[in-house]
Amino acid sequence: MKLITERREISSRLLRFSAPIVSIAIALFVAGFLLLASGVNPLEAYREIIIESLGSIYGLSETLVKTTPLIFAGLGVSLAFRMQIWNIGAEGQIYMGALGASGVALFSGIGNHWLMMGAMFGAAFLCGGLWAGVAGFLRARWKVNEVIVTLLMNYIAILWVDYLVYGPWKDPKGFNFPLTAQFSDTARLAEYFNTRLHSGFFLAIFCALVLYLFMERTVWGYEIKVIGSNPKAAQYAGMHTGAAIFFVLFLSGAIAGIAGFSEVAGLQHRLQHGISPGYGYTAIIIAWLAKRSAIGVVIVSFLMGILLVGGDSLQLLWQLPVAFVYAFQGLILFFLLASDFFIQYRVKLVKGGRHA
Amino acid sequence: MPDFLQIEHIRKTFPGVIALDDVSFSVTGGEIHTLLGENGAGKSTLMNVLTGLYHPDRGEIRIDGQKVGFTSPRDSLSCGIGMVHQHFMLVPAHSVFENILLALDNVPNLFNRKEYRARIKQLIDQFGLDLDLDSPVWKLSIGAQQWIELIKLLMRDCRLLILDEPTAVLTPQEADRLFSVLQQLKQQGKSIIFISHKMREVMQISDRVTILKKGHSIATLERGSFDENRLASLMIGTDQIPEWQKNLQMSEEIVLEIQGLSVRNDRGLSDLDSFDLKLKKGEILGIAGVAGNGQKALAEVLTGLKSASQGRIMAKDKDITHSDAKKAYIAGIAHIPEDRKSIGIAPDMSVDENLIMKSFRNGAFSHWIFQDKKAIRRNAAEKIDQFAIKTGPDGSPVRYLSGGNIQKVIIARELSEKPAVLVALYPTRGLDIGSAEYVHKVIADGADRGMSTILIAEDLDELLKLSDRIAVMFRGQLVGYVDPRNTTREEIGLMMSGEKQGVAG
Ligand SMILES: Nc1ncnc2c1ncn2[C@@H]1O[C@H](COP(=O)(O)OP(=O)(O)OP(=O)(O)O)[C@@H](O)[C@H]1O
Ligand SMILES: [Mg+2]
């Protein structure tokens, strides 16, 4: 007897949908032992996670609040993935987006709400886009590896924001905390149901739909897919691959930048130190799991949102250490990635090595 | 002699495709057994099953009467079955010797290298190959690289050698060389499974021929009981070979003129060396020459894959040497090496999408920035029908098509552009006879509509049949033109070796 793996030529639809569910179940099972070891009844804990994140208007709204920036950043990253471009810099692009939007909110003095929203959105879009565009330019012009550039620029972006909130933009009445003054009401997104859920969430869903149409229905999406599949063939067919690389990285960063806008305009209403606790990095995993599809990004982001909110409640309720929450999230990711393997490969038990 | 290998009732399906339905045949020791079948009949898939790359759904393989179940190419190698793949698995920067060592099971250590060297040398001498053990692989011609693959298998004492369309990338001279080596191997008792679409080769070297049709093995014929016609009719069955007629082109209008064109290759040598050519409207201009005399560079510079270091390409009176206009004016079709990632297709995308790669912005396939999916599908259905492209389920990636069918996708796409000039580089290599005829018909029909074709081929019969004029190339230069109705194979042969001049212009 021998185990072999064989690449599935075309993975079945049923499998693609069922595998993630099965793998989450396995992850919950394994994590159960961790919980038992810390003296918590796993079933109770899981019930708690579901109730906390989905069981009430408040819980659901908190989950959606966490889902929102993940969708934006995940969409941005997945767009670049479609062209085999690896944008590891969504985190920095979120920060730059937030910086741009905050600059407009604090200093433009626009009085009209819709104008203000448009200007903040535009600023975030541009700042995030240009931040990633630098990597796009370097890659298109001199073949500089975009992974390195986007990654390193994360640090620069985060430090820029820190410089501003610790320095020139610091709220004089803020008791020396690293944050800017609160935005005026014109610079805030609408909130709903008396919760923190803001219109950024609906903007994210809308963005996903637009991106889906963009990729599947427009000539640009088509071009991006051809270049991603075989750059040489694209060039032969007369496509300008260099321009496309810049354009796609710009757009990828711009969409991640919108996350920054949505966070400051919808949730925090100011720019401050640590506005993103790593959404940009989680976005890479989301894009990977979502198989680069825009609709997939929304679904996976929502799952991540549940994990984030539910994890918080575990911490509060049972005083579990934060490390446990990370381990729990890690396990789930691990099994999701593993299920990916089983979707792509078939494992067979074959009788006999050579001569049977 | 008892059968060495038996294949019985093999079935292999892919989602939505039955690639092999019920295939049986056998190979005896010391025979050359040819597999013949249309594009997509299942030949490559069968060989992949035989070498353990795919696991059959049903059926069995027996070696010396013993049932075997291969789970990887390593298993089949250890049973003495080796395959020369069409995309060679060589490390370009390493020497020939190192590449051969890499393929051995127990990699020799420093001390017995000499011994291995001697053994390899012996093989090279025995078969009279022209191969320098110390030259890096990237410097070698494709023919020479194929020798390396063959030697790798011989060093491992394979009893059965599988060659999947080996001659598709060889010049006729190299192919003859290969055949004499195969004959010698046969004499030593080795068995060979050979795949080719070229009838002449099949007739020349096969001891037996098994015909595959739509995943079934429909007949195995012994030498003496088959001829070209019988094979063709078995293989194609009731399908008709398209009929076409060559009409002489009379126009004297020059649509493309190449003046003093020079192109350097990666090694810094001149592939084209002040090459001149005049192409008339509506003519099929055949290019004859021993492979490696600049034909490929000519095709590449015309289709924009390489740039010229000197000289001009003139379209009517416009200089398009470095202009983007070239892309709209000239289309190119070429033989697709089995290595599917080559230029020409986006392997992960569907047939539909690949067919519009050059025209996706056309009004026919898009409205403003939106693609017209219905029109794209309609176009694909039409092309698939016209060119008899065998595809998987709708929407499945092109990568999974058979070699010949990928090539048909490209040909269909390039010809639908209705280009003024078509550059065809070995367009019928790897195509089954029906499809090759169809491509000829399309080129001839195009000529009647006023399309001019530069047809680069090495099969003189193909050139003589199709061309209005033939230009002969030697060492990157134009030797001269001949009239195909008024020349002999000998005359062209002499010109190809640079010994005789033709008529100018
Ligand atoms: N990995 C795969 N996934 C899906 N379909 C496949 C795969 N490999 C082959 N096929 C299908 O199986 C059929 C047989 O293909 P195969 O490559 O064996 O043809 P072939 O006889 O070698 O043709 P050719 O002469 O063009 O090389 C084709 O219809 C092809 O589309
Ligand atoms: Mg094949």
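Amide H contacts of B:Asp432 (H built 1.01 Å from N, in plane; Pro and chain starts excluded): B:Asn39 sit under 5 Å, all sequence-distant by 5 or more or on other chains.
Summary: within chain B, the longest segment free of GluC sites (Glu not before Pro) located in DSSP loops with at most 14 other C-beta atoms within 10 Å is B:254-498. Of the residues B:Ile124, B:Thr428, B:Ile313, the one whose Cα sits farthest toward the positive end of the charge dipole of chain B, with +1 on the Cβ of Lys and Arg and -1 on the Cβ of Asp and Glu, is B:Ile313.
With 30 Å as the cut-off, how large is the P(r) tail for the stretch B:3-236, expressed as percent of Cα-Cα pairs?
On the way: 6833 of 27261 pairs.
The proportion of pairs with Cα distances above 30 Å equals 25 percent.
Distant-in-sequence amide contacts of B:Phe4, defined by a placed amide H-H separation under 5 Å and a gap of 5 or more residues or a different chain, comprise B:Val27, B:Thr28, B:Gly29.
With solvent modelled as a 1.4 Å probe, how much accessible area in total do chains B and A shield from it at their shared surface, in Å² to the nearest 100? Don't skip to the answer; put the middle values down first.
On the way: alone 22950 and 18100 Å², together 37680 Å².
Between B and A, the summed buried area is about 3400 Å².
Separation of the stretch B:423-458 from the stretch A:120-173 is 54 Å, based on Cα centroids.
Under 16 Å from the Cα of B:Lys152, which lysines turn up, not counting those fewer than eight places away in the same chain? Filter leaves B:Lys121, B:Lys190.
Given C-alpha coordinates of the protein assembly as shown, what is the ratio Rg to Rh with the Kirkwood estimate of Rh? Working shown, then result.
Numbers: Rg = 32.2 Å, Rh = 31.0 Å.
The Rg/Rh ratio comes out at 1.04.
Scanning residues 5 or more positions from B:Lys500 or on other chains, those with amide H under 5 Å from its amide H are B:Met495, with H placed 1.01 Å from N in the peptide plane. Pairs of Cα atoms in the stretch B:363-441 fall into 10 Å distance bins, from 0 up to the last occupied one, in shares of 16, 46, 31, 7, 0 percent. Take the Cα pairs of the stretch A:41-319, get the Kirkwood Rh, then feed it into Stokes-Einstein at 37 °C and 0.692 mPa s and tell me D in µm²/s. Estimated via Stokes-Einstein, D reaches 172 µm²/s. In a DSSP loop and with at most 15 other Cβ atoms within 10 Å, the trypsin sites (Lys or Arg not before Pro) in the stretch B:173-269 are B:Arg223, B:Arg267.
On the principal axes of its alpha carbon atoms, chain B extends 69, 53, 47 Å, with the longest extent given first.
What part of the accessible area of the protein assembly as shown, given as a whole %, is carbon or sulfur when the probe is 1.4 angstrom? The C+S portion of the solvent-accessible surface of the protein assembly as shown is 58 percent. Ordering B:His55, B:Val96, A:Phe342 by the projection of their Cα atoms onto the charge dipole of the protein assembly as shown, which places +1 on the Cβ of Lys and Arg and -1 on the Cβ of Asp and Glu, puts A:Phe342 at the extreme positive end. In terms of Cα to Cα distance under 26 Å, which lysines are near enough to B:Lys465, apart from those fewer than 8 places away along the same chain? By straight Cα distance, B:Lys465 reaches B:Lys198, B:Lys246, B:Lys278, B:Lys280, B:Lys281, B:Lys296, B:Lys383, B:Lys408, B:Lys418, B:Lys441, B:Lys500. Positive end of the dipole of the stretch B:3-236 (Cβ unit charges, origin at the Cα centre): among B:Ser78, B:Gly40, B:Val17, the Cα lying farthest that way belongs to B:Ser78. Per residue, the accessible area of the stretch A:41-319 comes to 42 Å², computed with a 1.4 Å probe over protein heavy atoms only. Converting phi to 3J(HN,Hα) with the Karplus coefficients 6.51, -1.76 and 1.60 and the offset θ = phi - 60°, the stretch A:266-282 yields x, 10, 8, 6, 6, 9, 8, 4, x, 5, 10, x, x, 3, x, 7, 4 Hz in sequence order, with x at every glycine or proline. Basic side chains Lys and Arg get +1 at the Cβ, acidic Asp and Glu get -1 at the Cβ, and with that the dipole of the stretch B:3-236 about its Cα centre reaches some 220 debye.
Please state the charge dipole magnitude for the stretch B:339-416, taken about the Cα centre, from unit charges on C-beta atoms (+1 on K and R, -1 on D and E), reported in debye and rounded to the nearest 20.
On the way: 13 positive and 9 negative charges, 9 e Å.
Computed about the Cα centre, the dipole is about 40 debye.
What share of the DSSP beta bridges in chain B is antiparallel, in percent to the nearest 5? Write down the numbers at each step before the final one.
Values: 46 of 83 bridges.
Just about 55 percent of them are antiparallel.
Placing +1 on the Cβ of every Lys and Arg and -1 on the Cβ of every Asp and Glu, with nothing else charged, gives the protein assembly as shown a dipole about its Cα centre of roughly 840 debye. Excluding same-chain neighbours fewer than eight residues apart, the aspartates and glutamates reachable from B:Lys306 by a Cα-Cα span under 19 Å are B:Glu257, B:Asp266, B:Asp271, B:Asp273, B:Asp276, B:Asp319, B:Asp324, B:Glu414.
How big is the Cα convex hull of the stretch A:115-247 in projection, averaged over all directions, in nm²? Could you put the intermediate results ahead of the total?
Values: hull surface 45.9 nm².
Hull-based average projected area comes out at 11.5 nm².
The values are calculated or read from the model by the stated rules, or taken from the named source; none is laboratory data. All values derive from a computational prediction rather than experimental measurement. We place every Cβ from the backbone using ideal geometry, glycine too, and count neighbours over all the protein chains shown. Surface accessibility is based on the protein's heavy atoms, side chains included, excluding ligands, DNA and RNA. Shrake-Rupley method; radii C 1.70, N 1.55, O 1.52, S 1.80 Å.
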